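A short write-up of the structure that comes next.
The values are calculated or read from the model by the stated rules, or taken from the named source; none is laboratory data. The structure presented is a predicted model; accordingly, all values stated were derived computationally and were not measured. Ideal geometry is used to build each Cβ from the backbone, glycine not excepted, and the neighbour counts take in all protein chains shown. We work out accessible area using only protein heavy atoms, side chains counted, and drop any ligands, DNA or RNA first. Shrake-Rupley method; radii C 1.70, N 1.55, O 1.52, S 1.80 Å.
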Amino acid sequence: SVDAKGWPWASLIAGKPGFITSPNDRSLNLETNIAPGDPLAKNMTTGAPLGLLGIDLAARRRNRVNVRVTAVNSSSLSLSVDQSFGNCPQYIQTRFVEFVRDPQQALDQMASTGFTSLDAAARQHITEADTFFVSSFAKNTGQPSADGVEGVDVSHRGGRAGFVQVEGNTLTVPDYAGNLHFNTLGNFLVNPKAGLIFPDFETGDVLMLTGTVEIVWDDDPHVAAFKGAERAWRFTLDHGVNLSDALPLRWAFGEYSPNSLITGNWDEAAATLAAEERRDAWRPYRVIAVEDESEVIRSFSLEPAVSEGLASFNAGQYLTLRATPAGCDKHSVRTYTVSSAPNDAHYRISVKREPGGLFSNHLHDTLEVGAIIEARAPRGDFTLDAAEKRPAVLLAGGVGITPMISMARHVVMEGIRTRHTRPLTIFHASQTTGQRAFYEAFREIESKTNGLVRYRSLISAPLETDTPERDFDYTGYVTAEILQRELALDDYDFYLCGPGPFMQAVYDALRSLGANDARIFAEAFGPASLKRRPDDGTSPDALVVEEAEQSLIKFARSDFEQRWDKGDDTILEVAEQHGLTPDYGCRNGACGTCAVKIIAGEVAYRTQPSAACGEDEALICCAVPARGSNTLELDL
């Protein structure tokens with residue numbers, strides 16, 4: 001309701017079932033068991049607009065109604081309906097209600113207290129709340145009405161405890177993806193005032209506030225760090241009322257809404273913001289879980305070893321790790337794709353044990369729950385936008401499935417949050433079912449999304465005990481024929497990850513079927529060897545600096561030099577062949593770990609790196625001497 005001075009108020013009225021009736025489809029009658037001190041008692045005048053929300057917390061059902069008061073007496077209201085519509089169940093925590101007294105009993109004995117600032121008890125109640133209600137209204141901009149008020153509205157707001165931040169007399173509230181009607185925010189834009197009510201479900205007390213509002217848009221870093229927030233709004237108290245034992249009801253908590261569980265709170269947002277400022281720093285992480293995903297792939301879940309937050313990441317990015325394997329006198333650096341989803345409270349990497357792989361074997365043999373390992377925040381350009389409407393196809397070979405499980409889980413989570421699930425088809429090629437990772441996880445995702453996310457398993461060497469159509473979908477490799485059978489080949493984004501030969505074969509198959517090069521995104525393990533055919537017919541090497549025909553490579557600090565001929569190994573490989581152990585992570589120019597200062601000469605890149613480095617630096621994992629550099633000297 002709206003008072004005589006133009007302040008909106010949110011009020012709660014409770015009654016026994018039947019206390020609100022509908023004589024016809026345009027009318028409501030409502031028993032008004034209003035606590036003394038509630039501004040609603042004075043705001044219910046004939047002709048006044050009201051916004052109503054009927055809500056059943058146990059069933060997560062709610063309905064909004066906009067009405068006008070047609071008659072008022074001491075115990076009831078007659079209302080004419082202007083609008084009525086149902087709302088989605090998002091962010092409603094289930095609660096189960098019981099009456100502790102008759103709704104009209106002891107109304108005259110209830111205490112009400114007015115205030116103009118929030119005391120410690122009020123601040124604590126708000127910060128612990130997972131539910132409140134907000135009222136708003138728009139001033140009449142058309143034909144003048146008797147009171148100059150239109151568009152009165154009251155709405156539910158829910159989240160995890162701590163989702164409302166209190167700073168003095170100011171509250172900051174995240175705005176999540178909702179029904180997209182924007183009733184409340186629309187009113188805020190034209191009339192920045194709000195009424196808030198915070199019920200205490202255990203005591204029946206209610207805290208009623210009214211004040212001014214400003215919208216905080218998504219470019220604010222604090223909003224960006226809040227998980228699930230698309231924007232926020234800031235409420236500043238003008239005055240309020242505290243009603244003790246105002247409700248004859250008590251509620252027992254059931255469970256959080258699934259939508260609430262994938263959102264954050266302000267403490268987590270502050271920790272995330274602090275972590276974002278240290279993205280480039282090496283930070284210690286503790287292993288909190290170890291799980292075998294297949295015969296050769298093991299997952300390690302990591303959380304900060306100190307009281308710090310996780311830097312955010314996009315599905316498909318990788319984590320850069322640093323460790324000292326047994327028998328080494330210095331640390332080594334490697335990158336592994338994050339296989340957890342951006343909404344998870346930890347990072348997870350899934351590592352294949354490579355024969356002779358120093359770092360992967362070190363992780364498999366020594367990393368157990370409680371162990372500490374250093375890492376830098378995730379980064380990388382191989383990412384998927386879950387909000388995109390265009391279907392996506394994820395094609396993975398072997399352990400290349402790790403970014404795909406992150407992408408698929410992200411799409412599912414965003415589907416819950418926004419009610420739009422981007423269509424996905426995943427093809428996973430493995431040598432055997434025993435080496436295949438995340439099979440059950442993908443099948444579960446396929447079931448939960450009713451096929452909006454589809455998964456196809458291809459096994460090149462099935463065992464005699466494996467049954468086609470039960471244990472896998474196809475025998476062999478990803479081919480143009482299989483793609484034609486499974487896809488309409490209309491307009492897709494394609495994501496490729498796996499060994500070089502696998503990606504090249506799939507890329508060529510996609511191009512033969514008419515897929516645009518610009519719609520094919522690839523992430524390689526080891527040197528990036530994908531040979532592309534751009535859509536405009538230009539050479540894929542047009543922007544690549546030519547290699548030298550012949551050069552002399554010098555490593556200044558190691559006092560080493562070697563003749564180099566066109567086609568020879570990269571600088572990193574030359575260094576390793578002579579006993580040096582430079583830092584590197586990806587071997588494809590994506591992570592920037594291997595940057596080394598150039599003292600003299602220039603370098604060429606066999607594939608254009610995506611990581612940035614200084615003008616006087618070279619990413620040696622994919623660099624070779626450039627044409628015209630008879631001598632290339634590096635600080636190595």
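More than 22 Å from PRO221 (Cα to Cα), part of a loop (DSSP other than H, G, I, E, B) and among the charged types (D, E, K, R) - does that describe any residue in the range 334-351? First the steps, then the outcome.
We begin by selecting, within the range 334-351, every residue more than 22 Å from PRO221 (Cα to Cα); these are 334-340, 348-351.
Adding the requirement that they be part of a loop (DSSP other than H, G, I, E, B) leaves 339-340.
Applying the additional criterion that residues be among the charged types (D, E, K, R) yields none.
Checked the range 334-351: no residue is more than 22 Å from PRO221 (Cα to Cα), part of a loop (DSSP other than H, G, I, E, B) and among the charged types (D, E, K, R).
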Among (1) in contact with a helix residue (DSSP H, G or I) (Cβ under 7 Å, 6 or more places away or on another chain); (2) closer than 25 Å to PHE359 by Cα, which single condition is GLN562 missing? (2)
Which of the residues that make up the range 446-459 are open to solvent by less than 40 Å² (accessible area, probe 1.4 Å) and in a loop (DSSP other than H, G, I, E, B)? THR449, GLY451
Just the residues that are hydrophobic (A, V, I, L, M, F, W, C), open to solvent by 50 Å² or more (accessible area, probe 1.4 Å) and under 22 Å from LYS227 (Cβ atoms), please, taken from the range 281-339. ILE288, VAL306
Given the conditions (1) surrounded by 14 or more Cβ atoms within 10 Å (Cβ to Cβ); (2) modelled with pLDDT of 95 or more, and given that GLU481 satisfies all but one, which numbered condition is not satisfied? (1)
Quick count over the range 19-40, residues being in contact with a Pro (Cβ under 9 Å, 6 or more places away or on another chain) and open to solvent by less than 30 Å² (accessible area, probe 1.4 Å), is 1
Return yes or no: is PHE198 crowded, with 20+ Cβ neighbours inside 10 Å, within 20 Å of THR116 (Cβ to Cβ) and either over 20 Å from the mean Cα position of the chain (by Cα) or acidic (Asp, Glu) (or both)? yes
Within the range 608-634, restricting attention to residues that are of a type in the set (A, V, I, L, M) and in a loop (DSSP other than H, G, I, E, B), which residue is most open to solvent (accessible area, probe 1.4 Å)? ALA612
Answer yes or no: is there a residue in the range 145-157 that is within 29 Å of the chain's Cα centre (by Cα), open to solvent by 30 Å² or more (accessible area, probe 1.4 Å), at pLDDT 95 or above and of a type in the set (A, V, I, L, M). no
First in the range 614-636 and among the hydroxyl-bearing types (Ser, Thr, Tyr), second anywhere and surrounded by 18 or more Cβ atoms within 10 Å (Cβ to Cβ) and in a strand (DSSP E or B), Cβ under 9 Å, 6 or more apart: SER629/SER551; SER629/VAL603; SER629/ALA604; THR631/SER551; THR631/ILE553; THR631/LYS554; THR631/PRO625
Filter the range 59-92 down to the residues that are of a type in the set (A, V, I, L, M), under 16 Å from GLY158 (Cα atoms) and either touching a Ser or Thr at 6+ places or on another chain (Cβ under 6 Å) or part of a strand (DSSP E or B) (or both) and list them by number. ILE92
Any pair with Cβ under 7 angstrom, 6 or more apart, that starts in the range 466-485 at a residue that is part of a strand (DSSP E or B) and ends at one that is of a type in the set (D, E, K, R) and surrounded by 15 or more Cβ atoms within 10 Å (Cβ to Cβ): PHE472/ASP466; TYR474/ARG456
Single residue of the range 41-64 satisfying the filter (small (Gly, Ala, Ser), touching a residue at least 60 places away in the same chain (Cβ under 8 Å) and closer than 28 Å to TYR256 by Cβ) that is most open to solvent (accessible area, probe 1.4 Å): ALA58
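Hey, can you tell me all the residues within the range 592-607 that are of a type in the set (Gly, Ala, Ser) and crowded, with 18+ Cβ neighbours inside 10 Å?
Selection gives GLY592, ALA595, GLY601, ALA604.
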I'd like the residue in the range 93-132 that is over 41 Å from the mean Cα position of the chain (by Cα), open to solvent by less than 50 Å² (accessible area, probe 1.4 Å) and not charged (D, E, K, R) and, out of all such residues, is farthest from ARG157 (Cα to Cα). ALA106
